[in-house]
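Input: a single structure, listed below in structure tokens.
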Amino acid sequence: MGVVLSNIIAIYRRELQSYFVSPLAYAIAGIFWFIAGLFFVMILLGPDGILLGVAAIDAQGQQLGVPTPPIDVPYEFVRAFLDRMGWLLLFILPILSMGLYAEERKRGTLELLATSPITNWAVAVGKLLGVLTFFITMVVPMLVFEAIAISGSNPPMALSIPLLGHFGLILLAAAILSVGMFISSLTDSTILSAVLTFAVILLLLLIDLIAKIVPGPVGEALGYLSLLKHYNTLTQGIFDTSALILFASYIFLGIFLTAQSIDALRFQRQ
């Protein structure tokens, strides 16, 4: 067990360091911060933003002499921002995951990994943890800005809501990256890997719409597979064990299929 753990840590450090020396990774982070920053400002301060919307509702209530229902502005802001962030991952994460194995194939180092004493499970877990850690470093600055924005709310917002929502964001990212890692292990083309990952994740995000069309138990089963449905549950501050199980299943499935894909390559080389 100690050997496996040390192998995972070695792969994790190697993968994480590769992102911090990659110009593409910095470009992806810059684009992510720019778009996320636009979402942040538009949701909070834009013409259709929450603050102006609440002010307009209050002004209308005063003019009509009708009391306006209270609006939980911090909750609505965090929920709306995390909703946009979830869709942003659809475009950002396929680019992050596209080179996890495709680059190894292109450089000819995947054969070395496939025939090395390190188990394919350890390699897959290490790579996934490395890219997920890099993604978390991208999210941290936005988390700081959110904390500043909601710090002045009165009464103060319960920390469990934004923490659970961001935990859901990380789980969603891990599930997408895990699927993208498997697809990356199938090809030496990073572009093809990114496109296929985008298509698969888009289907998994929108499968809830398909489930509404399909009647009966099949439709219910398809609806349960929706990433977006379970992500929205967590961003609403609802702790749902079925959502955790679903995300864990996607993560495990991605790692398992990746290990099997590299096992097949190892068998071919032998």
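The values are calculated or read from the model by the stated rules, or taken from the named source; none is laboratory data. Given the structure is predicted, the values throughout are model-derived calculations rather than measurements. Counting neighbours? That spans all protein chains shown, and the Cβs are built from the backbone with ideal geometry, glycine included. Please note that ligands, DNA and RNA were not included when accessible areas were found on the heavy atoms of the full protein model with its side chains. Shrake-Rupley method; radii C 1.70, N 1.55, O 1.52, S 1.80 Å.
For the reader, a short list of remarks on this structure follows.
- Gain on full extension, evaluated as 0.36 nm per residue between residue 245 and residue 154 minus their Cα-Cα distance, stands at 29.3 nm.
- Percent accessible area from carbon and sulfur atoms, the chain, protein chains only, probe 1.4 Å: 72 percent
- Solvent-free Debye scattering, log10 I(q)/I(0), computed from the Cα coordinates of the chain at q = 0.11, 0.15 Å⁻¹: -0.69, -1.13
- Difference of contour (0.36 nm per residue) and Cα-Cα distance, residue 263 to residue 147: 37.3 nm
- For the chain, accessible area per residue (1.4 Å probe, heavy atoms of protein chains only), Å²: 51 Å²
- Scattering profile of the range 131-270 at q = 0.13, 0.17 Å⁻¹ [log10 I(q)/I(0), Debye over alpha-carbon scatterers]: -0.70, -1.03
- For the chain, a simple Cβ point-charge model (Lys and Arg +1, Asp and Glu -1, everything else neutral) yields a dipole of about 760 debye relative to the Cα centre.
- Gaussian network model of the chain, Cα within-10 Å springs - most flexible of 216, 46, 126: 216
- For the range 129-223, averaging the sequence separation of C-alpha pairs within contact (under 8 Å, six or more residues apart) and dividing by the residue count gives a relative contact order of 17 percent.
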